[in-house]
1. Just for the stretch 24-38: of the residues that are crowded, with 17+ Cβ neighbours inside 10 Å and aliphatic (A, V, I, L, M), which one is farthest from the ligand (Cβ to nearest atom)?
2. Is it true that LYS249 is of a type in the set (Lys, Arg) and away from the ligand (no atom under 14 Å from the Cβ)?
3. Out of SER222, SER237, SER292, which single residue is at pLDDT 95 or above, within 16 Å of the ligand (Cβ to nearest atom) and either among the small types (Gly, Ala, Ser) or in contact with a His (Cβ under 7 Å, 6 or more places away or on another chain) (or both)?
4. If LYS60 satisfies all but one of (1) in contact (Cβ under 8 Å) with a residue 24 or more places away in the chain; (2) among the charged types (D, E, K, R); (3) open to solvent by 100 Å² or more (accessible area, probe 1.4 Å); (4) within 28 Å of GLY429 (Cβ to Cβ), what's the number of the condition it fails?
5. Working only within the stretch 338-364, note down all residues that are on the phi < 0 side of the Ramachandran plot, more than 15 Å from the ligand (Cβ to nearest atom) and surrounded by fewer than 20 Cβ atoms within 10 Å (Cβ to Cβ).
6. Only one residue in PHE178, PHE193 is modelled with pLDDT of 95 or more, among the aromatic types (Phe, Trp, Tyr) and within 15 Å of the ligand (Cβ to nearest atom). Which one?
7. Exactly one condition in (1) surrounded by fewer than 19 Cβ atoms within 10 Å (Cβ to Cβ); (2) of a type outside the set (Phe, Trp, Tyr); (3) closer than 30 Å to LYS60 by Cβ; (4) under 23 Å from the mean Cα position of the chain (by Cα) is false for LYS79; which is it?
8. Give the residue, chosen from GLY303, GLY334, GLY345, that is farther than 23 Å from HIS210 by Cα and modelled with pLDDT of 95 or more.
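The values are calculated or read from the model by the stated rules, or taken from the named source; none is laboratory data. Predicted model only: the values in this text are computed from it and were never measured. Ideal geometry is used to build each Cβ from the backbone, glycine not excepted, and the neighbour counts take in all protein chains shown. Please note that ligands, DNA and RNA were not included when accessible areas were found on the heavy atoms of the full protein model with its side chains. Shrake-Rupley method; radii C 1.70, N 1.55, O 1.52, S 1.80 Å.
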Amino acid sequence: MQAVVAPSQAAGGLTEFDPEVEAIIRAENKRQHNKIRLIPSENYTSQAVLEATGSILTNKYSEGYAGERYYEGQQQIDKIEELAVKRAKAVFGAEHVNVQPYSGSPANQAVYVGLCAPGDAVMGLSLAHGGHLTHGDKVSISGMHYKSVQYGVRKEDGLIDFDQVEALAKEHQPKLLFCGGTAYPRVVDFAHFAEIGHAVGAIVVADIAHIAGLVAAGVHQSPVPHVDVVTTTTHKSLRGPRGGMIMCKAQYAAAIDKAVFPGLQGGPHNGTTAAIAVTLKEAMGVEFKAYSQQVVDNAKVLGEELSARGFALSSGGTDNHLILIDVTDKGVTGYQMAKALDQAGIVCNFNRVPFDSRPAKRPSGIRIGTPAITSRGFGADEMKHLAEWMDRVAQVRADEGKELDDRKKAYAEIRAEVRALCDRFPAPGLLYGEDGQPL
Ligand code: DSN
């Protein structure tokens, strides 16, 4: 039998053909190992998911749906898409599933295209209060082509203002009512949204991109029994490939499918579809449930540790995987804090907080989350170290009397401590040498 060689070393593989690209991927492999990754929408996918994503399924075109394609040769592609759909139905209990959206924004766009007409009123949580661009923000097509009505959170406690949601819904009679978001640290009460939306005849849409893994594992309530349509990405807490899904009641199935293809997209990315199927198999396991519970537990401990060190948490804490922090009281802006943390080996994103007086590119807050660090095995002890390092970084950055070189030295000291911790926690899917170091 012929010897098997790693594809990257095979004739014409990446190592041989394009060392420049390979070197960049290797450097990213090291970065993902060496740093503590706190961006709440990121994760480490498994080796199995990576293999399916990078498989030869990418070679096939398959516009249409299983059994009704516009190209021949779909014997295997139909099977893979049907498997992904079957598993998604089992995991989420959905009546109908479309696994073809390229990601979360195209999934949401398909909902608009399929279920309402340009000019219709649509409602969503404003981006500035934790929503998403595609929930009606004015710079997105969802805010340009539709009459967008935005609701927010209450100033006093940072929770969704359901009185405002109800008043706006009665006033504007939206065709679509979106709930869910990207920077909302609390439980989303899907039943309450459904009650308000259905009372005014709206189609209620839950975007669970951030919390899909928690929903799959049953550690966050599911929107499926309450709302009409559920959209999600597959790569955040769900820990799959970069992709999207739409789940809906049977009555909306035809309109949603037509909006995805041929309305918005051409051929589905079949490697991604296969990887979604693998992800959903993983999500059915006991390990995934334990991971999801740990994601929430870690966020809670981290939030408490940060609060104890004087960090101001939006809504006072977290129920899910993410924490939104106004760092103004620590004497820094969110932008300064995010840049300083990165130098110390801790990666997050700067973010507006509700009622922020600062602009989006230089906001008051940072957003952090626990899916990626939980996937590599961090627990409560590591959350305590993390909070301490974040506090030290804030103090260094806020000390205006400190010379730049002294700051850099202080960040480098923390970065070395971070690195030592990371070395104890190899991450799924990354490449390691025999010495245990990232390649
Ligand atoms: N970019 C995603 C996030 O970071 O939350 C939302 O699309």
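1. ILE36
2. It is true that LYS249 is of a type in the set (Lys, Arg) and away from the ligand (no atom under 14 Å from the Cβ).
3. Residue meeting the stated conditions: SER237.
4. It is condition (3) that LYS60 fails.
5. Within the stretch 338-364, LYS339, ASP342, GLN343, ASP356, SER357, ARG358, PRO359, LYS361, ARG362 meet the criteria.
6. PHE178
7. (4)
8. GLY345
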